[in-house]
Amino acid sequence: MTIIDTSAHTVTGTQLRAAASHFPTGVAIVSTVDDQYQPVGCTISSLLSVSLEPPIVAVSLGTSTSTVRHLVAAGKFGITVLSATQGGIAAVFADREVDHYERFAGVRWRPGSNGMPLLDNGLSSLECEVHDVIPTGDHYLILGHVQALFASGWGSPLVHHQGTLGSLKR
């Protein structure tokens, strides 16, 4: 077991990532459109239900991603919670070498009621209006007011744990 003593120095991002990797998270795609109404999006493992009344969720996006720029400009976004069978999709949407527009090529998706792209076959989807954008270090915390949602009620989620994708055994 590795114990990191941070009493003598500042905690680094690498150390924080290593410690946080022990907390398994679900995996989702956050999506929006650019100024030409073309779909853009990226993989996230930072989805949080913040409030039930009103229904508000939060996602965390790095300041350097182009998705956050388009999301703020559009003022709305979609979230698709991925199933255990969608690990390949998560990998493509997380790959910084794959152009945002290419990420949607070959992936079945549909526009939600708010016009934002939602991937087919996800476990659930949320359609949100931007409620607030909070700069937080090297990320933005995006609060979204949920306007519509769909939940399949079945299936195993895709899970991220210690740098790997997997599923929950039921």
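The values are calculated or read from the model by the stated rules, or taken from the named source; none is laboratory data. Remember, predicted model here, so these are calculated numbers, not experimental data. Positions of Cβ are backbone-derived with ideal geometry, glycine not excepted, and every protein chain shown enters the neighbour counts. Ligands, DNA and RNA are stripped out before the accessible areas are found, and what is left, the full protein with its side chains, is counted by its heavy atoms. Shrake-Rupley method; radii C 1.70, N 1.55, O 1.52, S 1.80 Å.
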Every residue from the range 25-46 that is within 14 Å of Thr67 (Cβ to Cβ) and assigned to a strand (DSSP E or B): Ala28, Ile29, Val30, Ser31, Thr32, Val33, Pro39, Val40, Gly41, Cys42, Thr43, Ile44
Candidate set: the range 125-153, residues that are loosely packed, with under 11 Cβ neighbours inside 10 Å and free of Cβ contacts under 8 Å to residues at least 12 places away in the same chain; chosen: the one farthest from Pro24 (Cα to Cα): Gly137
Inspect all residues belonging to the range 99-109 and state whether any of them is under 25 Å from His161 (Cβ atoms) and of a type in the set (Asp, Glu). no
State whether one or more residues within the range 10-29 are modelled with pLDDT under 95 and among the charged types (D, E, K, R). yes
Would you tally the residues in the range 67-80 being surrounded by fewer than 24 Cβ atoms within 10 Å (Cβ to Cβ) and either touching a Lys or Arg at 6+ places or on another chain (Cβ under 8 Å) or outside any helix (DSSP H, G or I) (or both)? 2
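Matching residues to (1) touching a residue at least 24 places away in the same chain (Cβ under 8 Å); (2) open to solvent by 70 Å² or more (accessible area, probe 1.4 Å):
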{"site": "Val11", "(1), (2)": "no, yes"}
{"site": "Gln15", "(1), (2)": "no, no"}
{"site": "Ala18", "(1), (2)": "no, no"}
{"site": "Val27", "(1), (2)": "yes, no"}
{"site": "Cys42", "(1), (2)": "yes, no"}
{"site": "Ser45", "(1), (2)": "yes, no"}
{"site": "Leu48", "(1), (2)": "no, yes"}
{"site": "Ser51", "(1), (2)": "no, no"}
{"site": "Val57", "(1), (2)": "yes, no"}
Residues of the range 65-84 classified as farther than 12 Å from His100 by Cβ and out of contact with any helix residue (DSSP H, G or I) (no Cβ under 8 Å at 6 or more places or on another chain), total: 11
From the list Ser60, Ser113, Ser64, which one is of a type in the set (S, T, N, Q) and either in contact with a Ser or Thr (Cβ under 9 Å, 6 or more places away or on another chain) or not in a loop (DSSP other than H, G, I, E, B) (or both)? Ser60
Residue in the range 81-99 that is surrounded by the most Cβ atoms within 10 Å (Cβ to Cβ), counting only those that are of a type in the set (A, V, I, L, M) and under 12 Å from Ile29 (Cβ atoms): Leu82
